[in-house]
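Q: My structure is below; once you've seen it, I'll send some questions.
The values are calculated or read from the model by the stated rules, or taken from the named source; none is laboratory data. Note that the structure is a prediction, hence the values are computed from the model and not measured. Because the Cβ atoms are built from the backbone with ideal geometry, glycine has one as well, and the counts that use them run over all protein chains shown. When the accessible area is computed, the model is the full protein with side chains, heavy atoms only, and any ligands, DNA or RNA have been set aside. Shrake-Rupley method; radii C 1.70, N 1.55, O 1.52, S 1.80 Å.
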Amino acid sequence: MSEVTVYRPGPRSWAVMLVSELKMVARDTAGLIVPLGLPMLILLVNASSAGRQPVGQGRTALDAYVLPLVFTMVVAMTGIVNMPSFLAYYRRSGILRRLGVTPASPALVLVAQAAVGILQIAVGVVAAWILAVLLFDANPPVSVGPAIGVLALTTAAMYAIGLIVAALSPTPNSAVAIGLTAFFALGASGGMFGGRDSLPDVIATIGGVLPFGAGNQALSAAWLGAPVEAGPLLGMGATIVAGVVISALFFRWE
Amino acid sequence: MSATTATAAVEADRLYKRFRAKVAVDEVSLSIAYGEVFGLLGRNGAGKTTTVELIAGLRRPDRGTVSVLGLDVRRDRARLRQVLGVQLQEATLHATLTVAELVRLYATFYRDPVPAGELIESVGLTESARTRFANLSGGQQQRLSIALALVGRPRLVILDELTTGLDPEARRQMWATIEDLRVSGVTVVLVSHAMEEVERLCDRVALLDAGRVVALDSPAGLVRRAGFAQRVTFRAALPLPAGLLEDLDEVDRVHTGNGRVTVEGHGDLLQAVSVALVRAGVVATETRSEQAGLDDAFVALTGHRLDTEEDARR
């Protein structure tokens, strides 16, 4: 018998997997409510209460504080809660189990999931942005490039947290519970329920490095045209590295 | 052990696996030859599925080792995945993808996949190629699942409950597929509780009961172990003269109950019994003759019927 050599699924496999995930998303209309509807909902709830007083550079409190918070919440919700629960469904239904006996790697599944998820977030964020401009006279960030970069980094960091949740949860149902807990913990320490100034110093400091506070703060800075500080960016970078390492170490097919 | 020195396609040595208080697989050792079609037969909960999960490297045994095609199933996982095709009992596929989309997706995982159209046709799903997985009938889902097990041209195929839920025609089609695999030298491990299927397809069968291998032989060999080859039953109006049948060379055992006489034996049992009855002037009615089958062997070897699990399932 000849020696068995390892064939790793190539670019074609990645492409077909990605297209398959896209088709599934497009065919599951109910699943589109969260990524597309949620941003607009969060925007409507928060924007109506926001003050219109200018805070500098021709930007209002809505632009500088509310919109960054809304966008951070959206990517946190999809990354930390939505993505792990989708993976949990995959695991519970045995889809991952079936893929686990093929040469497909976990990365193939996870990356395709993440790519499609991020695409959905992007569409959702753009839709919310259009709504904000039309209804609330929102102004674009002073530093557009950095703002987009920060949002992308925040999204990646939130997905990294989601990967950690998915990898470490003992059961599919616990993934949802742990994801929600993580979402609220990160949110609370990152200013979701009011500014971080009112938090105890230690929590405020930690929250400023964790993806929610870090993303929120950096996005806010970019919106006002202020320089984005290194601390939040490094914090998010570290989160991404931790997510990749932990999910690679602990990922299970079932 | 390197692939070139492996003498058996599957070499399992004293596999042991327990789930909490229940021992699922209890010291199971199997040696399955290259090109063999090997059956694992047993009732629900006998440990069949866990055994094949250990063989496929899906679970880690508490004790014991298993190598497949000369590869350690845990350490050489990546290499094993190239040459192993598995149809799992409890695994679904992406619900909203169609038959053709799923086959094409799985095909990309392998170096030299079977062309999608050819594979879909071979399991009789050509007309359903554009149907989503969730909208397929149970039997069609089963056939797709088998197709995906074969898409990478595996050298070892594990099929868990091959024809459960299939109609008779689809079942025959699946059996033909297994025969094709045999011809092309693929080793097949077939988990089943369908006697007819195992009797027809398998070179050898392991009977599993309560996690243990209680017998391992060819189907014909297992039948021989049941202790008899044939059985004749009839109804007699009068008691039989003592020793009338017992003294015949062909007869092994005679039971009487509920007005029926059951004679187990070998050779030309029916004729021997008929002649003896006629000579003694006994009028026999409702005479039936049957060959012992694997299900009789199962009862003899495990003490319970194989098909009771089906009743429990429904």
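Q: Taking R0 as 41 Å, what's the FRET efficiency between A:Ser48 and B:Phe19 from their Cβ-Cβ distance, rounded to 0.05?
A: 0.15
Q: What does the C-alpha gyration tensor say about the overall shape of the range B:76-205? Classify as rounded when a/c is under 1.5, otherwise prolate if a/b is larger than b/c, or oblate.
A: Cα axes put the range B:76-205 in the oblate bin.
Q: May I pose another question? Considering only C-alpha atoms, what is the centroid distance from the range B:194-240 to the range A:1-77, in Å?
A: 61 Å
Q: Also: For chain B, what is the charge dipole size about the Cα centre, in debye to the nearest 20, if Lys and Arg each add +1 at the Cβ and Asp and Glu each add -1 at the Cβ?
A: Numbers: 39 positive and 42 negative charges, 268 e Å.
About 1280 debye.
Q: In Å², rounded to the nearest 100, what is the total accessible surface buried by chains A and B against each other with a 1.4 Å probe?
A: Separately minus together, A and B give about 3400 Å² buried.
Q: Classify the range A:11-250 as rounded, prolate or oblate, taking a ≥ b ≥ c as the square roots of the eigenvalues of its Cα gyration tensor: rounded when a/c is under 1.5, otherwise prolate if a/b is larger than b/c and oblate if not.
A: Because a/c hits 1.5 or more and a/b exceeds b/c, the range A:11-250 counts as prolate.
Q: How far is the Cα center of the range B:145-192 from the Cα center of the range B:23-76, in Å?
A: Answer, in whole Å: 18.
Q: Please enumerate, by chain and number, the lysines with C-alpha under 27 Å from the C-alpha of B:Lys48, excluding those fewer than 8 residues away in the same chain.
A: Correct list for B:Lys48: B:Lys17, B:Lys22.
Q: Explain nothing, just the number: relative contact order of the range B:33-162, from Cα pairs under 8 Å at least 6 residues apart, as a whole percent. Working shown, then result.
A: Values: 155 pairs, mean separation 38.8, N = 130.
Rounded, it is 30 percent for the range B:33-162.
Q: What figure, in Å² to the nearest 10, do you get for the accessible area of A:Phe184 with a 1.4 Å probe and non-protein molecules left out?
A: Accessible area, nearest 10 Å²: 100 Å².
Q: From the helices alone, meaning DSSP H stretches of at least four residues, give me the mean residue ellipticity at 222 nm for chain A, per-run term -39500 (n - 2.57), in deg cm²/dmol to the nearest 500.
A: Taking each H run of at least 4 residues, the total per residue is -22000 deg cm²/dmol.
Q: Once you have a ≥ b ≥ c as the square roots of the Cα gyration tensor eigenvalues for the range A:1-127, tell me rounded if a/c is under 1.5, and otherwise prolate or oblate according to whether a/b is larger than b/c.
A: Values: a/c = 3.50, a/b = 2.69, b/c = 1.30.
In terms of gyration-tensor shape, prolate.
Q: What dipole magnitude, in Debye to the nearest 20, does chain A give about its Cα centre under +1 on Lys/Arg Cβ and -1 on Asp/Glu Cβ?
A: In debye, rounded to 20, chain A gives about 660.
Q: If I fit a long axis through the Cα atoms of helix A:230-250 and take the longest principal axis of the Cα atoms of chain A, what angle between them do I get, 0 to 90°, rounded to 10?
A: The angle comes out near 20 degrees.
Q: Compute the helix-to-body angle for A:106-136: its Cα long axis versus the longest principal axis of chain A, expressed 0 to 90° and rounded to tens.
A: Long axis of A:106-136 versus the principal axis of chain A: about 20 degrees.
Q: Can I ask one more? Stokes-Einstein diffusion coefficient for the protein assembly as shown at 37 °C in a medium of 0.692 mPa s, Rh from the Kirkwood formula over Cα pairs: what value in µm²/s?
A: Translational diffusion coefficient: 118 µm²/s.
Q: Please give the calculated 222 nm ellipticity per residue for chain B, where each DSSP H segment of at least 4 residues contributes -39500 (n - 2.57) and the sum is spread over every residue; nearest 500 deg cm²/dmol?
A: Calculated at 222 nm, the ellipticity per residue is -9000 deg cm²/dmol.
Q: About the Cα centre of the protein assembly as shown, what is the dipole size in debye to 20, counting +1 per Lys and Arg Cβ and -1 per Asp and Glu Cβ, all else neutral?
A: Roughly 1300 debye for the protein assembly as shown.
Q: Sticking with this one: Using the Cα centre of the range B:3-224 as origin and beta-carbon charges of +1 (Lys, Arg) and -1 (Asp, Glu), tell me which of B:Val157, B:Thr51, B:Val37 is placed farthest towards the positive end of the dipole.
A: Farthest towards the positive end: B:Thr51.
Q: What Rg and what Dmax come out for the range B:204-259 when only alpha-carbon atoms are used, in angstroms?
A: Here Rg and the maximum Cα pair distance are 16.4, 47 Å.
Q: Give me the base-10 log of I(q)/I(0) for chain B at each q in 0.15 Å⁻¹, Debye formula, one uniform scatterer per Cα, rounded to two decimals.
A: The computed values of log10 I(q)/I(0) come out as -1.15.
Q: Let me ask something else. Amide H of B:Thr98 versus every other amide H placed in the peptide plane: which residues, excluding those fewer than 5 positions away on the same chain, fall under 5 Å?
A: Sorted by chain and number, the residues that satisfy this are B:Phe133.
Q: Tilt of helix A:38-47 relative to the longest C-alpha principal axis of chain A, in degrees (0 to 90, nearest 10)?
A: On a 0 to 90 degree scale, this one is about 10.
Q: I'd like the FRET efficiency for A:Leu168 and B:Asn135, computed as 1/(1 + (r/R0)^6) with the beta carbon distance as r and R0 of 41 Å, rounded to 0.05.
A: 0.70
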